[in-house]
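Before any comments, here is the structure.
The values are calculated or read from the model by the stated rules, or taken from the named source; none is laboratory data. Since the model is a prediction, treat every value here as computed from it, not as a measurement. Reconstructed Cβ throughout: ideal geometry from the backbone, glycine too, with neighbour counts over all protein chains shown.
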Amino acid sequence: MTDIFARPGRFWRGNLHCHSTRSDGAVEPAEVCRRYRDEGYDFVALTDHFLPRYGHPVVDTRGFRTNRFTTLLGAELHAGTMANGEVWHILAVGLPEDFAPAPGPETGPGLAARAAAAGAFVAIAHPHWSGLTLQDARSLTAAHAVEVYNHGCATGCDRGDGFVIADLLLSEGRRLSLCATDDAHFTEPDHFGGWVMVRAEANDPAALLDALKAGHYFSSQGPEFRGIEVGPGAVEVACSAVRSVIVQGRGTAAVGVHGLSMTRARVPLDRLAASPWLRVTLIDAAGRRAWSNPFWR
């Protein structure tokens, strides 16, 4: 991950995973977009379930764009079965409108690869909720990211986490980013709880998609990163007011700095010297978190 804070442009807030009445969501696509727009989001990806019973939708949300709000086309893709016998769930953002189902049977990894080849940002969706095994995750070689926080799964069944799978893949050398999403269906309190802050020069679908694929973003439930500098002996973090700044690495390597209303922290790297990657977590006084993407050394 490059220093996103030094890149040209600004941060744009967006949700990468939600559903409408085009699949199993409770509200129409126009209303989904309106809600995110009026909640202060800069963009949203409507990702309805790409299944035969819903007509394999890639919902065209381009008509809901304004001069301050944009949309990315996408879908939650399904194919084959995972090790537990259940269907794959793969998040694909930036699909072409004419992305079509395969003419015959297709595996999850094959479908993910086809979506990536079509230009999509591909994420391993809600690994805890899905019961995804490490072997399953390894097979998704086309993925750009792991969905490490899914607000709908967290509020609906307390299975919103994806960090175990993400950290194990990182420790095997996979260069993945980490995304937080809502997975909102608007049938429970599953919305406006996890998002990405994407650094791009414009709130434009192409610019946002390029930044997502490059990992030029961080994820949050509320706190904000203002800067991260990884030096030889410490990580310097600037942020909104938080109570904890934690740097994690491979295995048990982790160091935290704790206090009250901290907006800057210096985290020593003694215990993380052997880790080839680092990531940073913020925790505010309300327990809300923000997560950087990994830094490789």
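Restricting the search to strands (runs of 3 or more DSSP E) fully inside segment 143-245 and requiring at least 1 residues that are touching a residue at least 60 places away in the same chain (Cβ under 8 Å), in contact with a strand residue (DSSP E or B) (Cβ under 6 Å, 6 or more places away or on another chain) and within 20 Å of I90 (Cβ to Cβ) gives 145-150, 177-181, 195-200, 217-220.
Among residues of segment 30-77 being in a helix (DSSP H, G or I) and either of a type in the set (S, T, Y) or in contact with a Phe, Trp or Tyr (Cβ under 7 Å, 6 or more places away or on another chain) (or both), the one that is farthest from G194 (Cα to Cα) is Y54. The conditions of being modelled with pLDDT of 95 or more and either farther than 20 Å from L51 by Cα or in contact with a Cys (Cβ under 9 Å, 6 or more places away or on another chain) (or both) are not met by D98.
Taken over segment 285-297, the criterion of being part of a loop (DSSP other than H, G, I, E, B) and either of a type in the set (K, R) or closer than 19 Å to T155 by Cα (or both) is satisfied by A286, G287, R288, R297. Scanning segment 106-121 for residues that are farther than 19 Å from E172 by Cα and either touching an Asp or Glu at 6+ places or on another chain (Cβ under 8 Å) or not in a loop (DSSP other than H, G, I, E, B) (or both) yields a total of 10.
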